[in-house]
Amino acid sequence: MKKLFTWFIMSAMAISVLADEGMWIPMLLGRNEADMKKAGMRISAKDIYDINNACLKDAILLFNQGCTGEYVSDEGLFLTNHHCGYSYITSHSTVEHDYLTNGFWAMSREEELPCPGLTATRLVRMEDVTAKVLEGVTANTSEGERAAIIESNIQKITAAAMMGTHYKAIIKPFYYGNQYFMYVNEVFTDVRLVGAPPSNIGKFGGDTDNWMWPRHTGDFSMFRVYADKDNKPAPYSADNKPYKPLKHLEISLNGVKEGDFTFVFGYPGTTQRYVTSDHVELTANIENPIRIDLRTIRLKHYNNAMNKSAGQRLKYASKVASIANGWKKWQGETQGINRLKGVEKKKEFEQRFQQWANAKSEYRDVLPKMHEDYEKLRPIEVELTYFSEAVRASDFMGRAKNYRDLANASEKEVAEMVKKLKESNEKYFSDFELHTVVDKAIFVETFLYMWKAGYAPYLGDVKSGDDAEKKLSKIYDESMLNNKEKLQKFLDGYTISKAKKLNDDPALKLYDKAYTLAYDPEKIATYRRTYADIQRLMRSYVKGMMEMQPTVKFFPDANLTLRVAYGHVEGFRPRDGVYYKPYSTLQGIMEKENPDIYDYVVEPKLKRLYNRQDYGRYGVLDPQRPNDGPDMPVGFIATNHTTGGNSGSPVLDADGRLIGLNFDRCWEGTMSDLLFDPDYCRNICLDIRYCLFIIDKFAGAKHLVDEMTLVGGK
Ligand code: ARG
Ligand code: ASP
């Protein structure tokens, strides 16, 4: 019944916002306040964002340019995900101090580890600057002029906003340029690593469990921001003091129940909520399948190698994590879109829009023109996808590109380039015997796949797959790039007069042919022009959609600006006969335990705590099994609309208290960047009680919990 009902709503309002869908602008949250209160919120929109008073917004930070963090003490201590802090944990890890594997806990401020390059950005205020940005733009302004006027206005407005302050201002377009907001930020640059659990807690389940529920990953790490004596951002200095945030989050130990109101406050990166059926079709049924197939090939070979030795595992771990992350997400996305009949639904909406637009000169041609544009864009997109996912798949072709650059370099540039290439060769050839097996297989198979699909005509007159394979294999074996001694000698005596020899190498010849085909200048010019035209048409389309549906509350696509998503804790039915409860517990970690599988090794100390049910104040009794003793909650899911960049975002309760850390989405709902379905779309959160339990009971770093403000619990 519920299914039918949802179906009805979806078809009737295909493009209007559904329950729990939306990533809202904090400054305009007053518009959602009544709805949020109805859903259970007990605080006000002003408690979340207020330009005149310290509010929850002041406790949120953008972690570098891709994750979110939140202050949990008045001494600059903040939480984010383990996978967000990953590269900083790795960069401090050595064989003797392997913090990635064993975890790291600063037992004093002196032990906190500086992370050069890491930034923590606080939003000071935001402002609607649409009128100022569009000043001078009229209905007759050409697109080129429009862009120039906007750019110059943006320069002026941001310069004025920053004048006399240490703030950084940026302006971003919303709704494809129908609206502009300015963000005035304070960017902190002395950020230090404070704590991280061992990998088999922080990344428990690894890529096997990635994007999936039930989940048991303790995906958190801790950092501290330092500031100068005036509490202002300053580069690293031993004299800096812990930053005093205007606000830090209170943490609730009360936990969550199914149905509870929750909201996520953070920095979602990109969504494409309003694109047309052509775009959805291109992503779901043309590009994703190509990407998935090609990544399946790469993952097969890397995983084979990783299963052979610990050394190989380490070598490929982070590469595989990133290849596999997209690979798995796209599969869920395509399935989700097709299950929802996403393309058909978009088409139905487009028909309705067209009927409405027929009488309006401003909108009449928007959809037909956009359709023409997609016809032009599609074949080029596909070729570029092949280039990035197949041509660039092997290290062999990546290196061919570097040597192409060398062959093209001027006399002045050569010495520096040769030096860099020699350094990287040193590393590259250190385990060449093992690596080349993997790399050659990836090179041959990805090109072969492309050739079979008709995208590698430059392989010449090969008649069969076998022929193509032989040809590719020969290229790999005969290239100087795979011959350490020859290459070394060649680089030792390299001058630009030797470029010809590089140009004749089979690797560069192949790379050049592939590049010329994909990046033919005329084709790329068409691509750019068409893409820009689609952006222009989307601006009209979204404006028209709003005019056509004046009672619908629209939200702008994510663009790495601060947003609020709200919903409630809720399980779901991923497929027939299966219902997922919205929580997971430590018991599930023990069920998954497998000492022989890397992703499922459980720390002995965690097991001891489990066996003794020694959960301190963080455990909970199951009212249905009170005699069994306490359980340790680990994760929960909710209906908050989130995307990449929301990782590390605080998940807050009806009183604005921290109850969890957002870190992922359920696989069955990963189409939410294009299409949100309240039956399937769930964000995955780490229960804050598990995080505190790990810090306090597992790591013995209670001094960190003591800095925090805990409320509720037993
Ligand atoms: N899927 C999550 C996100 O998109 C987590 C990725 C990191 N974890 C991993 N096992 N690769 O960021
Ligand atoms: N795992 C993502 C992130 O790192 C979150 C998501 O895509 O839901 O931001």
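Every number here is computed from the coordinates shown, using simple stated rules; none is lab data. Quick caveat: nothing in here was measured; it's all calculated off a predicted structure. Every residue, glycine as well, gets a Cβ built from its backbone with ideal geometry; the counts of neighbours run over all protein chains shown.
Between the DSSP loop rule and a limit of at most 11 other Cβ atoms within 10 Å, which trypsin sites (Lys or Arg not before Pro) in segment 340-393 are left?
Within segment 340-393, no trypsin sites (Lys or Arg not before Pro) qualify (loop, at most 11 other Cβ atoms within 10 Å).
Identify the residues of segment 121-145 with backbone N under 17 Å of a label point that sits 7 angstrom from the Cα of Glu372 along the Cα-to-Cβ direction, or state none.
143
Taking the Cβ-Cβ separation of Asp492 and Lys607 as r and a Förster radius of 56 Å, what is the calculated FRET efficiency to the nearest 0.05?
Plugging the Cβ-Cβ distance into 1/(1 + (r/R0)^6) gives 0.50.
In nm, give the distance between the simple-model label positions of Arg528 and Lys229, each being 7 Å from the Cα along the Cα-to-Cβ direction.
5.2 nm
Using the Cα gyration tensor of segment 618-714, with a ≥ b ≥ c the square roots of its eigenvalues, what is the shape: rounded (a/c below 1.5), prolate (a/b larger than b/c) or oblate (neither)?
prolate
Run the lone-cysteine check on the chain: no other Cys C-beta under 4.7 Å from the residue's C-beta.
Cys55, Cys115, Cys666, Cys681, Cys685, Cys691
Compute, for the chain, the length of the dipole vector about the Cα centre, with Cβ point charges of +1 (Lys, Arg) and -1 (Asp, Glu) only. Units Debye, rounded to 20.
For this selection, approximately 360 debye.
Quick one: which residues, 5+ away or cross-chain, put their amide H under 5 Å from the amide H of Thr262? H built at 1.01 Å from N.
Gly567, His568, Val569
Please give the residues of segment 472-512, grouped as numeric ranges, whose backbone N is less than 20 Å from a label point set 7 Å along the Cα-to-Cβ vector of Lys412.
It comes to 495-499, nothing else.
How large is ³J(HN,Hα), in whole Hz, for each residue of segment 34-39 in order, when computed from phi with the Karplus curve 6.51 cos²θ - 1.76 cosθ + 1.60 and θ = phi - 60°, using x for Gly and Pro?
Once θ is set to phi - 60°, the couplings for segment 34-39 become 4, 5, 5, 5, 4, 6 Hz.
If R₀ is 56 angstrom, what is the calculated FRET efficiency for the pair Gln354 and Asn102, using the beta carbon separation as r and rounding to 0.05?
Using R0 = 56 Å, I get an efficiency of 0.40.
Residues with amide H under 5 Å of Gln179's amide H, sequence separation 5 or more or different chain, H placed in the peptide plane at 1.01 Å from N; which?
Excluding prolines and chain starts, which carry no amide H, the hits are Phe174.
When the chain is fully extended, how far beyond the present Cα-Cα distance does Arg617 get from Asp467, taking 0.36 nm per residue of separation?
Length difference between fully extended and current span is 47.3 nm.
Any idea how far the Cα center of segment 105-168 sits from the one of segment 234-308, in Å?
23 Å
For Val124, which sequence-distant residues (separation of 5 or more, or a different chain) have an amide H within less than 5 Å of its own amide H, given hydrogens modelled in the peptide plane?
The list, which skips near neighbours in sequence, is Val184, Asn185, Glu186.
Can you tally the lysine pairs in segment 186-295 where the Cα-Cα distance is under 16 Å and the two residues are eight or more apart, or on different chains?
Lysine pairs satisfying the spacing and distance rule in segment 186-295 number 5.
Figure the gain on full extension for Glu33 and Arg146 (residue separation times 0.36 nm, minus the Cα-Cα span) and round it to one decimal in nm.
Result for the pair: 37.1 nm of gain on full extension.
Mind checking the dipole of segment 232-323: about its Cα centre, +1 per Lys or Arg Cβ, -1 per Asp or Glu Cβ, Debye to the nearest 20?
Taking the Cα centre of segment 232-323 as origin, the dipole is about 620 debye.
Which one of Tyr316, Phe104, Ile290 is farthest out on the positive end of the charge dipole of the chain, using unit charges on Cβ (Lys, Arg +1; Asp, Glu -1) and the Cα centre as origin?
Ile290
So how far apart, in nm, are the two label points at Asp293 and Lys168 if each is 7 Å from Cα heading toward Cβ?
Output for this residue pair reads 4.2 nm.
Using θ = phi - 60° and the Karplus form 6.51 cos²θ - 1.76 cosθ + 1.60, what ³J(HN,Hα) does each residue of segment 282-292 get, whole Hz, x for Gly and Pro?
Values, residue by residue: 4, 5, 6, 10, 10, 6, 4, x, 5, 4, 4 Hz.
Using the Cα centre of segment 352-470 as origin and beta-carbon charges of +1 (Lys, Arg) and -1 (Asp, Glu), tell me which of Tyr449, Leu377, Ser410 is placed farthest towards the positive end of the dipole.
Most positive-ward Cα: Leu377.
In debye to the nearest 20, how big a dipole does segment 462-572 give about its Cα centre with +1 on each Lys and Arg Cβ and -1 on each Asp and Glu Cβ?
340 debye
Identify the trypsin sites (Lys or Arg not before Pro) of segment 442-546 meeting these criteria: DSSP loop state and at most 16 other C-beta atoms within 10 Å of the C-beta.
Lys463
For the residue pair Glu485 and Asp365, what label-to-label distance in nm results when each label sits 7 Å from Cα along the Cα-to-beta-carbon direction?
6.8 nm
Toward the positive end of the charge dipole of segment 625-714, about the Cα centre and with charges on Cβ (Lys, Arg +1; Asp, Glu -1), which of Thr709, Pro633, Asn662 goes farthest?
Thr709
Please list, by residue number, everything in segment 99-130 whose backbone N is under 20 Å from a paramagnetic label point 7 Å out along Cα→Cβ of Ala160.
It comes to 124-130, nothing else.
Applying the Karplus parametrisation 6.51 cos²θ - 1.76 cosθ + 1.60 with θ = phi - 60° to the phi angles of segment 314-329, what ³J(HN,Hα) value in whole Hz is obtained for each residue in order, glycine and proline being reported as x?
Result, ordered by residue: 4, 4, 9, 3, 6, 4, 5, 4, 6, 5, 6, 4, x, 3, 6, 4 Hz.
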